[in-house]
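Visitor: Quick one: the structure is below, questions incoming.
The values are calculated or read from the model by the stated rules, or taken from the named source; none is laboratory data. None of these values were measured; they are calculated from a predicted model. Reconstructed Cβ throughout: ideal geometry from the backbone, glycine too, with neighbour counts over all protein chains shown. Only protein heavy atoms, including side chains, enter the accessible area calculation; ligands, DNA and RNA are left aside. Shrake-Rupley method; radii C 1.70, N 1.55, O 1.52, S 1.80 Å.
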Amino acid sequence: MESKEYPGKLTPFLVLTCLVAATGGLIVGYDIGISGGVTSMDPFLMKFFPSVYRKEKQNQSSNQYCTFDSQILTTFTSSLYLAALVASFFASSVTRIFGRRWSMLAGGVSFLVGAALNGAAQDVFMLIFGRILLGIGVGFIGQSVPLYLSEMAPAKLRGMLNITCQLMITIGIFSANLINYGVSKIEAGWGWRLSLALAAVPATIITIGSLFLPDTPNSLIERGHDEKAKEILRKIRGTDDILEEYSDLVAAGKVSKKTRHPWINIVKRKYRPHLTMAILIPFFQQLTGINVIMFYAPVLFKTLGFGSNTSLMSAVIIGLVNVCATFVSIGTVDRLGRRLLFLQGGFQMLACQIILGTLIAIKFGTTGEGTIPKTYAAFMVLFICIYVAGFAWSWGPLGGTLVPSEIFPLEIRSAGQSINVSVNMLFTFVVAQTFLPMLCHFKFGLFYFFAGWVIVMTIFIALFLPETKNVPIEKMILVWKAHWFWNKFIPDKNEHVSTKEMAMI
Ligand code: BGC
């Protein structure tokens, strides 16, 4: 299939703008990684959740599975995602009407205030209110940054830039793990304040950055600033020869303007494959159980009888594996293809979940009573690492942004992206909110529960996800038309491809 290349080079100006925008991913990751470590710190628990602290201390002989089962403790972690879910809908209008950078600015400011409130928190209310503001930030940033990056990037670098956003998320999680480990050593017990307040550092970068960032040519054209769009295009492509790309952007803008109701459009029969993926991919991604590890690894390790320090250290190791394994995806996704990574990652996660569930069952059984010897514990951390690596080169980057962002035709891209972000947030919320009670009731079976979902999603990918590697976005319709199941949804006459191309399938 023929792909199109416009003149231009990777300019330092483009690299700089994308780096600033990608700091958004850093904050999202930082927020994912920070709460688990903080909730495993005794001074933090003593101040805000004394009943959980007392239960943990008295828990010499009782059921380990239920030590941390506290609704208010899970609310601290999960409130952020509910706020992000609601905010991402507002963000989609701001992004469209006022431009991408205003959404980034709104997200940055919200992050700054949230981080300040959290760092200075005196009671649970301040704590959760701050988390909600951080959530609003995640909603705005999660909506606008991937869009910004894809629109600024030259077509041939879009995939790589896309995964860079996921890489930033993993670096954010890892930094949070490291900082938690470092500050937990502060004797006076205020380390958690530093952990929470440090979210202000990346927040400041994106807030100030977005004041100076140019908006994307696509957004400028959409809002009638044609001359400015040309000027930015010249600057980011480093050439005056931008007419062809510019006219294509204007044409795409016209089609997109004609589609007044992307939300109504996307439920039409011909978009059924797209809508199915927009909902199921983020749903499945969360049902891998990854955020059980990302949010609660230190709490989980304490449940298994690790000391506070070892728990935080193990989270650091896991965070590092997550970052490194993402590079594997960056390096292989355009050669090996999406399907192979999804399937391989699925098998790897499945094997680890079964092993982990069984290891816990052997030591704690159904009563939750028992202790774990050191080498046994080391094995558990090892299998968690292998599981996380499997996620980080498959469902992480591919399910997070890459596949959802490349399968939609332009006229439904904004709606599809919003659905993707909100389903992701909704199930991140559900997993965060239900994990601790589920651990208490399902016990080791919780690992088998997520393993069951990994089986379902792996079969789903094998049967229903066509390979999209190296296929130009504008020609993606051909991939669906050639698919054994989805072909009946795609009409033979299509505005995206010529009759000749259609006949070649
Ligand atoms: C997911 C997050 C997850 C992260 C882990 C992202 O793709 O959407 O929920 O915590 O990967 O690296």
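Visitor: How do 83-93, 384-394 rank on mean C-beta neighbours within 10 Å, highest first?
Guide: Packing order, densest peptide first, comes out as 384-394, 83-93.
Visitor: Send over a whole-number figure in Å² for the accessible area per residue of the chain, probe 1.4 Å.
Guide: 40 Å²
Visitor: What percentage of all Cα-Cα pairs in the stretch 322-479 are separated by more than 24 Å?
Guide: Roughly 43 percent, rounded to a whole number.
Visitor: How many angstrom separate the Cα center of the stretch 202-263 from the Cα center of the stretch 339-377?
Guide: A separation of 48 Å, based on Cα centres.
Visitor: Explain nothing, just the number: relative contact order of the chain, from Cα pairs under 8 Å at least 6 residues apart, as a whole percent.
Guide: 24 percent
Visitor: How charged is the neighbourhood of P466? Take every other residue with its Cβ under 11 Å from the Cβ of P466, and add Lys/Arg as +1 and Asp/Glu as -1.
Guide: Values: positive: R338, R339, K469, K481; negative: E467.
Counting the neighbours of P466, the net charge comes to +3.
Visitor: If we restrict to alpha carbons, what Rg and Dmax does the stretch 87-239 come to, in Å?
Guide: Just the Cα atoms of the stretch 87-239 yield Rg and Dmax of 17.8, 59 Å.
Visitor: Here is a follow-up. With runs of 4+ DSSP H residues as the only contributors, calculate the mean residue ellipticity of the chain at 222 nm using -39,500 (n - 2.57) per run, divided by the residue total and rounded to the nearest 500.
Guide: Only helices count here, giving -25000 deg cm²/dmol.
Visitor: Just list whichever of K228/K254; K258/K488; K254/K469; K57/K185; K228/K257 have alpha carbons separated by over 21 Å in the model shown.
Guide: K258/K488; K254/K469
Visitor: Could you state the angle between the C-alpha long axis of helix 374-392 and the longest principal axis of the C-alpha atoms of the chain, as a value from 0 to 90 degrees rounded to the nearest 10?
Guide: The answer is roughly 10 degrees.
Visitor: Could you tell me which trypsin sites (Lys or Arg not before Pro) in the stretch 217-258 are loop residues by DSSP with no more than 16 other beta carbons within 10 angstrom of their beta carbon?
Guide: When the trypsin sites (Lys or Arg not before Pro) of the stretch 217-258 are filtered for loop state and at most 16 Cβ neighbours within 10 Å, R223 remain.
Visitor: Compute the signed sum of charges (Lys and Arg +1, Asp and Glu -1) over the other residues within less than 13 Å, Cβ to Cβ, of L340.
Guide: +2
Visitor: Ratio of Rg to Rh for the chain, alpha carbon only, Kirkwood?
Guide: The Rg/Rh ratio comes out at 0.99.
Visitor: Between their Cα atoms, which of K47/K302; K47/K363; K156/K268; K230/K481 are more than 28 Å away from each other?
Guide: Among K47/K302; K47/K363; K156/K268; K230/K481, the Cα-Cα distance tops 28 Å for K47/K363; K156/K268; K230/K481.
Visitor: Same structure again: Please compute the net charge surrounding I179, taking Lys and Arg as +1 and Asp and Glu as -1 over other residues with Cβ under 12 Å from its Cβ.
Guide: +2
Visitor: In degrees between 0 and 90, to the nearest 10, how far off the longest principal axis of the chain does helix 12-38 point, with axes built from Cα atoms?
Guide: Tilt of helix 12-38: around 30 degrees.
Visitor: When ranked by the protection proxy of mean other Cβ atoms within 10 Å per residue, highest first, what sequence do the peptides 455-464, 353-362 form?
Guide: Answer by packing, highest mean first, reads 353-362, 455-464.
Visitor: Relative contact order (percent) for the stretch 98-206, with alpha-carbon contacts under 8 angstrom and 6 or more residues of separation?
Guide: For the stretch 98-206, the relative contact order is 37 percent.
Visitor: I've got another one for you. If the rule is a partner Cβ under 4.7 Å, which cysteines in the chain fail it?
Guide: Cys with no partner Cβ under 4.7 Å: C18, C165, C324, C352, C385.
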